[in-house]
Amino acid sequence: MEMPAPDQGVIARRGEIAAALRRIVPGEGVILSEPERRAYESDGLTAYRQPPLVIVLPSTVAEVAAVLRYCKQEGIKVVPRGAGTSLSGGALPLADGVLLGMAKFNRILDIDYDNRCAVVQPGVTNLGISHAVEGAGFYYAPDPSSQIACSIGGNVAENSGGVHCLKYGLTTNNLLGLELVTMDGEVVRLGGKHLDAEGYDLIGILTGSEGLLGVVTEVTVRILKKPPTARALLIGFGSVEDGGNCVAAIIAAGIIPGGMEMMDKPAIHAAEDFVGAGYPRDVEALLIVELDGPEAEVDYLIAKVEAIARDNRASSVRISQNEAERLAFWAGRKAAFPAVGRISPDYYCMDGTIPRARLAEVLTRISELSKEHGLAVANVFHAGDGNLHPLILYDANKSGEIERAEAFGTDILKLCVKVGGVLTGEHGVGVEKRDLMGTMFDETDLAHQERLKCAFDPDGLLNPGKVFPQLHRCAELGRLHVHRGQLPHPDLPRF
Ligand SMILES: Cc1cc2nc3c(=O)[nH]c(=O)nc-3n(C[C@H](O)[C@H](O)[C@H](O)COP(=O)(O)OP(=O)(O)OC[C@H]3O[C@@H](n4cnc5c(N)ncnc54)[C@H](O)[C@@H]3O)c2cc1C
């Protein structure tokens with residue numbers, strides 16, 4: 001993965017730029033020393049490291065706006081950062097770019113139970129929102145496994161998901177309002193506490209935009225009443241294929257579980273060794289299905305799912321008898337990433353989405369690829385959404401292993417696209433999948449996407465080097481002549 005050559009002129013001005021930023025964010029809000037800059041050199045995709053030019057940590061919207069205005073005026077690049085847990089390198093710093101850390105935006109501004117929403121600053125952690133409202137019996141539904149650490153601003157930028165998203169939607173389905181600052185330093189407010197904002201769906205455009213369109217400074221999220229009952233089934237299968245068929249059969253029966261997650265044998269063993277969740281070790285695949293709602297409905301659905309599981313050759317079925325047992329079922333799945341981290345010096349977490357019906361076939365091919373690349377893989381996935389997370393095990397200290405892990409990961413993502421899926425389910429494109437965008441989009445598609453970027457950030461200063469394989473100058477795109485035959489759909493207008 002190559003990044004554009006850094007601008008040595010900007011690097012030479014590091015001290016002057018830091019001094020200007022200190023005038024905007026006084027006190028300890030600007031970090032310049034080499035050891036402290038190193039602390040920010042990567043995000044969750046630790047294979048890539050680059051200390052930033054300088055770090056600025058504003059604590060007010062006015063400071064964010066002034067920082068962006070200054071950088072725009074001076075032609076300096078800016079990388080927004082939340083908690084730095086991105087697994088696609090979205091928050092990877094640039095040698096010639098200011099890292100704009102949003103950690104000080106950590107306050108919950110308003111909890112409005114009547115309108116079932118909370119207004120929070122972007123640095124608040126995902127779990128922090130649920131904690132703030134749990135006393136009144138509410139929660140925030142999207143629950144990435146990183147929820148204890150990741151920020152809601154990062155969730156918005158990546159359109160993050162989690163176990164509960166099958167039934168309750170991803171981040172994009174749980175937002176009511178956003179405040180953002182554009183690269184011009186303009187503060188824009190979208191939506192609010194009400195449903196559906198008028199006009200274009202700009203909140204939808206901002207969600208998943210990976211820090212390329214604006215810096216989010218306030219988020220209004222929906223909060224939901226906790227369901228009165230939640231119970232889970234732990235279902236073992238003798239083959240991943242049987243597990244995949246069971247997932248398809250549950251959905252085909254019209255049941256939308258609160259969560260439906262699957263793990264393969266290596267992941268089951270790693271999780272069991274780590275947290276002792278009580279998982280069976282003699283199965284090839286383990287499915288966790290959670291049903292939530294009124295007690296009578298949950299009892300009815302549990303019986304239905306159990307019958308479907310038996311029809312699909314389940315080798316074991318356990319049903320949680322109390323809350324502690326339900327949480328134990330989930331504990332292994334939630335700890336699957338760190339569990340795999342214990343059995344391998346390094347792992348590379350992939351994120352691709354496929355049509356659910358292709359699950360068994362794709363997992364078989366991943367296991368063949370594992371042999372071809374000579375690297376082990378453990379699979380955990382949001383089975384209900386068809387969102388795969390193969391964890392490729394490697395040792396960065398062994399020569400050539402990181403390159404083999406990347407090549408293996410590339411083959412998995414190409415496979416996802418080939419079977420009708422997409423490059424990412426929830427972790428974003430970042431730098432990780434940037435050079436694979438061409439496997440999914442043709443040049444015309446990418447040019448249309450870049451036009452949107454240009455509408456927000458014509459100088460390409462906000463998080464450059466991410467998402468787009470090659471960012472054109474906006475002026476070039478303006479003149480781009482697209483022939484009708486090149487358009488992805490004949491009804492799309494000519495530019
Ligand atoms: C162990 C582990 C488990 C994970 N599990 C999941 C999971 O289950 N589901 C899932 O979806 N993800 C998961 N992730 C990935 C990651 O946690 C999410 O992508 C998360 O949303 C990133 O949030 P962050 O605050 O760490 O953002 P960062 O990593 O700091 O940034 C991510 C992106 O958001 C942009 N950004 C951050 N803040 C702002 C802002 N205020 N305004 C504009 N842009 C901004 C950055 O520029 C960058 O492009 C996991 C990560 C780890 C390490």
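Listed values, structure above:
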{"item": "Candidates LEU212, LEU170 - the one that is within 13 Å of the ligand (Cβ to nearest atom), open to solvent by 20 Å² or more (accessible area, probe 1.4 Å) and touching a residue at least 40 places away in the same chain (Cβ under 8 Å)", "result": "LEU170"}
{"item": "Residue tally, condition surrounded by fewer than 18 Cβ atoms within 10 Å (Cβ to Cβ) and either modelled with pLDDT under 80 or farther than 16 Å from SER209 by Cα (or both), over region 446-471", "result": "2"}
{"item": "Test for THR125: is it under 30 Å from ALA271 (Cα atoms), within 11 Å of the ligand (Cβ to nearest atom) and touching a strand residue (DSSP E or B) at 6+ places or on another chain (Cβ under 7 Å)", "result": "yes"}
{"item": "ALA118 being more than 15 Å from the ligand (Cβ to nearest atom) and open to solvent by less than 20 Å² (accessible area, probe 1.4 Å)", "result": "yes"}
{"item": "Elements of type strands (runs of 3 or more DSSP E) contained in region 23-142, each with 1 or more residues being at pLDDT 95 or above and more than 21 Å from ASP184 (Cα to Cα)", "result": "108-112, 117-120"}
{"item": "Residue in region 400-445 that is most open to solvent (accessible area, probe 1.4 Å), counting only those that are acidic (Asp, Glu) and under 29 Å from GLY153 (Cα atoms)", "result": "ASP435"}
{"item": "Hits in region 72-91 (condition: more than 8 Å from the ligand (Cβ to nearest atom), open to solvent by 10 Å² or more (accessible area, probe 1.4 Å), touching a residue at least 12 places away in the same chain (Cβ under 8 Å) and at negative phi)", "result": "LYS72, GLU74, LYS77"}
{"item": "Failed item in (1) within 21 Å of SER145 (Cβ to Cβ); (2) open to solvent by 10 Å² or more (accessible area, probe 1.4 Å), with VAL380 passing the rest", "result": "(2)"}
{"item": "Some residue of region 152-161 being on the phi > 0 side of the Ramachandran plot, of a type outside the set (A, V, I, L, M), open to solvent by 30 Å² or more (accessible area, probe 1.4 Å) and within 14 Å of the ligand (Cβ to nearest atom)", "result": "yes"}
{"item": "Scope region 312-357; condition within 16 Å of the ligand (Cβ to nearest atom), surrounded by fewer than 16 Cβ atoms within 10 Å (Cβ to Cβ) and either of a type in the set (Lys, Arg) or over 28 Å from the mean Cα position of the chain (by Cα) (or both); matching residues", "result": "ARG342"}
{"item": "Residues being aliphatic (A, V, I, L, M), in contact with an Asp or Glu (Cβ under 8 Å, 6 or more places away or on another chain) and modelled with pLDDT of 95 or more - total across region 143-167", "result": "1"}
{"item": "Among residues of region 176-202, those that are open to solvent by less than 20 Å² (accessible area, probe 1.4 Å), closer than 30 Å to LEU388 by Cβ and more than 13 Å from the ligand (Cβ to nearest atom), counted", "result": "0"}
{"item": "Residues located in region 281-310, provided they are exposed (fewer than 15 other Cβ atoms within 10 Å of the Cβ) and under 23 Å from VAL380 (Cα atoms)", "result": "ARG281, ASP282, ARG310"}
{"item": "Of all residues making up region 57-71, the number that are more than 13 Å from the ligand (Cβ to nearest atom), hydrophobic (A, V, I, L, M, F, W, C) and under 20 Å from GLY15 (Cα atoms)", "result": "2"}
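Results for (1) surrounded by fewer than 23 Cβ atoms within 10 Å (Cβ to Cβ); (2) in contact with a helix residue (DSSP H, G or I) (Cβ under 9 Å, 6 or more places away or on another chain); (3) at positive phi; (4) assigned to a strand (DSSP E or B), shown as yes or no for each residue.
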position	(1), (2), (3), (4)
THR217	no, yes, no, yes
ALA230	yes, yes, no, yes
GLY236	yes, yes, no, yes
ALA248	yes, yes, no, no
GLY254	yes, no, yes, no
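The values are calculated or read from the model by the stated rules, or taken from the named source; none is laboratory data. Given the structure is predicted, the values throughout are model-derived calculations rather than measurements. When we count neighbours, we look across all protein chains shown, and the Cβ atoms used for this are built from the backbone with ideal geometry, even at glycine. Areas reflect the complete protein model, heavy atoms only, side chains present, ligands, DNA and RNA absent. Shrake-Rupley method; radii C 1.70, N 1.55, O 1.52, S 1.80 Å.
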